[in-house]
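The values are calculated or read from the model by the stated rules, or taken from the named source; none is laboratory data. Predicted model, so just to flag it, every value in this text is computed and none were measured. Reconstructed Cβ throughout: ideal geometry from the backbone, glycine too, with neighbour counts over all protein chains shown. What goes into the accessible areas is simple: the full protein's heavy atoms, side chains included, and nothing from ligands, DNA or RNA. Shrake-Rupley method; radii C 1.70, N 1.55, O 1.52, S 1.80 Å.
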Amino acid sequence: MRTRYKPYILLIPVTIVLLGIFLSGISIGLLQSLGYFPAVGLRQMTLKYYKEILADPGFLASLRFSLYTAFISSVLAVIMGVLLAYSILQSKQKKGIEELVYKLPIIVPHTVAVILVYNIFSQSGLLSRFLFHLGFINEPTQFASVLFNRNGFGIIFAYLWKEIPFVAMIVYTVLGNMNDKLSETALNLGASQKQVFWHVQLPLIMPSIVSAFIIIFAFSFGAFEVPFLLGPTYPQALPVKAYIEYTQPDLLNRPYAMAINMVLIFMVIVFIGICHKIFRIFYQYDGSKE
Amino acid sequence: MFEIEIKHVLKSFDNKKVLKDINFSVKEGEMITLLGPSGCGKSTTLKIIAGLLMPEQGDVLFNGRSVLNIPVAKRGAVIVFQEYLLFPHMTVEDNIGFGLKMAKMPKNKRAERVKKMLQLVQLEACSKKLPDELSGGQKQRVAIARALAIEPQVLLLDEPFSNLDIRLRETMRSFICELQKKLKITTILVTHDKEEALMVSDRIAVMLDGEIAQYSVPMELYETPISPRVADFLGEKNYICGNIDNGVFYCCFGKYKVHTNKQEEVKAMIKPEDVEMMPLDHKRAIQGRVKQKRYTGDRMHYIIISKEMEIKCITTLKSVFEIGEEVSLDILWDKVVFYQKNK
Ligand SMILES: Nc1ncnc2c1ncn2[C@@H]1O[C@H](COP(=O)(O)OP(=O)(O)O)[C@@H](O)[C@H]1O
Ligand SMILES: [Mg+2]
């Protein structure tokens, strides 16, 4: 008995620290968002801040913009990541170099991805200058601004650059470890290569794909630096808006920032719940017994 | 149903020759066994027939036509693997209907065929279960139903019983045999279990070191193995060297009239069950002393020392001898097989 519990006992200190930081952060945020902030004399609990931000068109635009960039980039990253992993596995040649190259973006920080996107797509960027030299445009500033605008192109592109390899890495590992014999069996029963992918491999890697999707969606929905550096001035992504409220010199603005953060957390939790539900409906099998 | 011919098939992995010139044929509706020790290339042979592997040389013919350029999916030869390999995310009925779905058979027709298959393997009650919820025998039957659902011309069974416990193995064996006789599918069974092979096959191909060492009906194979190698693979044997002259075999135990056209120096192969043991009787030619005995339940395995030779003997339990006891032996000479000595 003692040995059975030992690992858990040993984990207690770390768990307390991690959970402590996490829970206290969330509780403080929650209290402040509800208007309880004794440091500036706010003691009255109220839903006022929530009501106000939810009625604010600027907030709703931000929410929509964040959902849009996170969702589009995550969906595209998952699709392309799966295809990338699949094609690397299918290619018969030596895999050393490919494996290294596609994993590179994973270790590069997001801010570096931003610089990369900026260097390519800004009006003084590589693409613009390239088109200018080829004579497609008369001067670099004619290059349509693809960054800082409301379609979120730059943000999505930066996320894709980081996340496709991430998805590919997960899927590659799972696919690679999957029993090849199942695919052989399917071929033997008359399935085409394409059918093997759709009916056997994809359903079996689905749990990993869903996890990868949730991770990158939650991350890009809540991340600050990429939309801050590459996004438009209006609408701001939610985390950017929360940050700006937070850095207002007037501390009375703090509850607004916290309310935005709480909405962010709430959305992510709801989203994960929805993903699990949808996933359950489509695939009874999730790798473990239900 | 197809007739199968394997002609001069060669296959290597990493420069190691696994199949060296495999030749055999299977008649329409016949059930044959590929019998050989683990690692001798049995599964490789099945995969080549099914089209999951390409041979380096040689040909595979169905009904006289080469099928090497027909892809796996279209070949009509289905393998049932030892590990069953059911699709873990599909229910039993979806597993069975998989091949039909891939062939785009309409849904209602498919359901009908799946139902028929479920009846055939007696698993109607499990149709909605996932593979994880099935026992070994049930998984096995699903795998077979899944293979039979697409009405293959050739059924390839790769050690289908070796993951089952003994009792279940017996049941599944007769189940498959009956099914095969009923459907008359040309079938190749792979096994390393010689008793299984002797029990179920029309013919047995013994595979040793990537070659077919002998291809015969079970009785002929067991009674007259073509070489000491095949004989040894089928079980422990006794060998006595001697000379044959004019139908008389001369050896250290005396001379015996035998039926063989072999000449000169020979090696006589005597199966342990063709040696009879009896209490000491000085009128008999062969006497010895019991050195070892092993009880196997229905038989007793003895080793007897006679003229400084160890003679193996397997008897029923009608009379039992003790270690150290002096006994006489009789050899059933008409069952003895002679090999040329240099073999
Ligand atoms: N894909 C493969 N790559 C390399 N070696 C293989 C491969 N498949 C089989 N072999 C080797 O070929 C030999 C025969 O294998 P197999 O046909 O599976 O034997 P069996 O089914 O008779 O036990 C073994 O030595 C095995 O290690
Ligand atoms: Mg094998």
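One table, with the values for the structure above:
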read-out	value
Derived scalar couplings ³J(HN,Hα) [the stretch A:225-236; Karplus, 6.51 cos²θ - 1.76 cosθ + 1.60; whole Hz; x for Gly, Pro]	5, 5, x, 5, 8, 10, x, x, 6, 8, x, 7
Net charge, B:Glu124 excluded, C-beta distance under 13 Å - Lys, Arg +1, Asp, Glu -1	+4
Shielding by partners, peptide B:73-84 (average Cβ within 10 angstrom, other chains)	3
Sulfur and carbon atoms: percent of accessible area, the stretch B:1-108 [1.4 Å]	49
Within 10 Å of each Cβ in A:178-188, the average number of Cβ atoms from other chains	6
DSSP bridge orientation in the protein assembly as shown - percent antiparallel, rounded to nearest 5	75
Cβ-based net charge around B:Lys7, under 10 Å, with every Lys or Arg adding one and every Asp or Glu removing one	-3
Candidates per GluC sites (Glu not before Pro) in the stretch B:183-229, loop by DSSP, up to 11 other Cβ within 10 Å	none
Residues with amide H under 5 Å from that of B:Gln82, placed H, sequence gap 5 or more	B:Asp158
Shielding by partners - mean other protein chain Cβ count within 10 Å, residues of B:86-97	3
Stokes-Einstein D for the stretch A:124-225, Kirkwood Rh over Cα pairs, 4 °C, 1.567 mPa s (µm²/s)	75
Share, in percent, of DSSP beta bridges within the stretch B:4-232 that are antiparallel, nearest 5	50
Highest-first arrangement of B:160-170, B:52-62, A:160-170, where packing means the average Cβ count within 10 Å	A:160-170, B:52-62, B:160-170
Gyration tensor verdict on the protein assembly as shown (Cα atoms; rounded if a/c is under 1.5, prolate if a/b is larger than b/c, oblate otherwise)	prolate
Value at 222 nm in deg cm²/dmol, rounded to 500, when DSSP H runs of n ≥ 4 in chain B each add -39,500 (n - 2.57)	-7500 deg cm²/dmol
Highest to lowest packing among B:307-319, B:270-282, scored as the average C-beta count within 10 Å	B:270-282, B:307-319
Those aspartates and glutamates that a straight Cα-Cα span of less than 18 Å connects to B:Lys335, excepting residues fewer than 8 apart in one chain	B:Glu220, B:Glu223, B:Asp232, B:Glu236, B:Glu273, B:Asp274, B:Glu276
Relative contact order %, chain B, counting alpha carbon pairs below 8 Å whose residues are six or more apart	16
Prolate/oblate/rounded label for chain A (Cα gyration tensor, a/c 1.5)	oblate
Local electrostatic count, B:Lys107, Cβ distance below 13 Å [Lys/Arg +1, Asp/Glu -1]	+3
Exposure of B:Cys241 as accessible area (Å², to 10), given a probe of 1.4 Å and all protein chains	70
Computed FRET value (nearest 0.05) for B:Glu273 with B:Glu56, which takes r as the C-beta separation and R₀ as 45 Å	0.60
Accessible surface buried upon B-A contact (total; probe 1.4 Å; Å², nearest 100)	2100
Relative contact order computed over the stretch B:236-340 (Cα-Cα under 8 Å; 6+ residues apart), in percent	32
Mean Cβ count within 10 Å, highest first, over the residues of peptides B:176-186, A:6-16, A:49-59	B:176-186, A:49-59, A:6-16
Rounded to whole Hz, the Karplus (6.51, -1.76, 1.60) HN-Hα couplings of the stretch A:162-178, x for glycine and proline	7, 8, 4, x, 4, 4, 4, 4, 4, 5, 4, 5, 5, 4, x, 7, 5
Aspartates and glutamates with Cα under 18 Å of B:Lys16, excluding same-chain neighbours fewer than 8 positions away	B:Glu56, B:Asp209, B:Glu211
Estimated dipole of chain B in Debye, rounded to 20 [Cβ of Lys and Arg +1, of Asp and Glu -1, Cα centre]	1020
Whole-number percent relative contact order across chain A, with pairs defined as alpha carbons under 8 Å at least 6 apart	26
Probe 1.4 Å, all protein chains present, accessible-area order of B:Arg229, B:Arg173, A:Arg254, largest first	B:Arg229, A:Arg254, B:Arg173
Probe 1.4 Å, protein heavy atoms only - accessible area per residue of the protein assembly as shown in square angstrom	53
Cα-based shape type of chain B, given that a ≥ b ≥ c are square roots of the gyration tensor eigenvalues and the cut on a/c is 1.5	prolate
Eligible lysines near B:Lys194 by straight Cα distance, threshold 16 Å, same-chain separation 8 or greater	B:Lys42, B:Lys237, B:Lys271
